[in-house]
Amino acid sequence: MVYTRPLARLTRTFPASPRHWPQIGQRLAMHIIKRPEEEVAALAQALIDAKKLVGTCTTCGHLSAEPVCEICRAPARDDTMLCVIADSRDLIALEKTREYKGKYHVLGGLISPIDGIGPEQLNIQSLVRRVSQTPIKEVIMAISPSIEGETTTLYIGHLLKPFTRVTRIAFGLPMGGDLEYADEVTLARALEGRRDLD
């Protein structure tokens, strides 16, 4: 056995994810073990508190400790622009650019039949309702360029075109790249260079 039992158990407690978690879980476990006990206790309490207190915004699906998130409540945001993203990490990445001034809609994932994720598992029906019932002039699809991202973008574009203009951001990212890992300049240029969805 490479790990002691407690360390192996700690490594396994981190949530599974297809790509990165085995290595990240191992690194986090090693880092946590080296920290003072008070820091580990504070981390454990912060995790419990976050799990109890953080939910999703009833309007956009972004992580929020309130029923409606700060962005949806902000009167200075442009109500006629809506940026559709896969998850809250993408929202955080786009907000770092300070270029986008509209509102967001978080899908909670991407369509991926191979993983058993269809449109009904995502925050898509509320998106269609939102766009059909409010004066949104443009929906910007800011989805990472991957097979799942392209499938999701085309599916949603088809649903929303009867109601409004649907564009997609330009990409300086390779196919299969994740939006959350792009730098602010690349994301800002992608927002500026968006184009109509065919």
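All of the numbers you see were taken from the coordinates with simple rules; none came from a lab. These numbers were taken from a predicted model, which means no experiment stands behind them. Every residue, glycine among them, receives a Cβ derived from its backbone with ideal geometry; neighbour counts consider all protein chains shown.
In the chain, the DSSP-assigned H stretches of four residues or longer account for a calculated mean residue ellipticity at 222 nm of -13000 deg cm²/dmol, using -39500 (n - 2.57) per stretch and the full residue count as denominator. Springs join every pair of Cα atoms under 10 Å in this Gaussian network model of the chain, and among Phe163, Phe171, Phe14 the largest mean-square fluctuation is at Phe14.
When the chain is fully extended, how far beyond the present Cα-Cα distance does Ile114 get from Arg5, taking 0.36 nm per residue of separation?
Contour length minus Cα-Cα distance gives 35.9 nm.
Remark: region 80-91, residue by residue, has Karplus-estimated 3J(HN,Hα) of 8, 10, 9, 9, 9, 10, 6, 8, 4, 4, 5, 4 Hz, where x stands for each Gly or Pro and the curve is 6.51 cos²θ - 1.76 cosθ + 1.60 at θ = phi - 60°. Across every pair of non-identical alpha carbons in the chain, the mean reciprocal distance, once inverted, gives a Kirkwood radius of 18.6 Å. In this structure, the amide hydrogen of Met141, modeled 1.01 Å from its nitrogen in the peptide plane, lies closer than 5 angstrom to those of Val84, Thr167, Arg168, Ile169, counting only residues at least 5 positions away or on a different chain.
Listing Ile117, Ile92, Ile48 from fewest to most neighbouring C-beta atoms within 10 Å gives Ile48, Ile92, Ile117.
Measuring how big region 118-198 is from its alpha-carbon positions, Rg and Dmax come out at 12.9, 35 Å. Residues whose amide H comes within less than 5 Å of that of Ile117, counting only those at least five positions distant or on another chain, are Ser112 (H built at 1.01 Å from N in the peptide plane). Sequence-ordered 3J(HN,Hα) estimates for region 103-115 from the Karplus curve with 6.51, -1.76 and 1.60 and θ = phi - 60° stand at 10, 10, 9, 9, 6, x, x, 10, 5, 8, x, 5, 9 Hz, glycine and proline given as x. Listed values for region 49-60 are Karplus-derived 3J(HN,Hα) couplings in whole Hz (6.51 cos²θ - 1.76 cosθ + 1.60, θ = phi - 60°), namely 4, 4, 5, 6, 9, 9, x, 10, 4, 6, 8, 10, and x replaces Gly and Pro. Taking amide H positions as modeled 1.01 Å from N, with prolines and chain starts lacking one, the residues under 5 Å from Thr56 and 5 or more places away or on another chain are Ser64.
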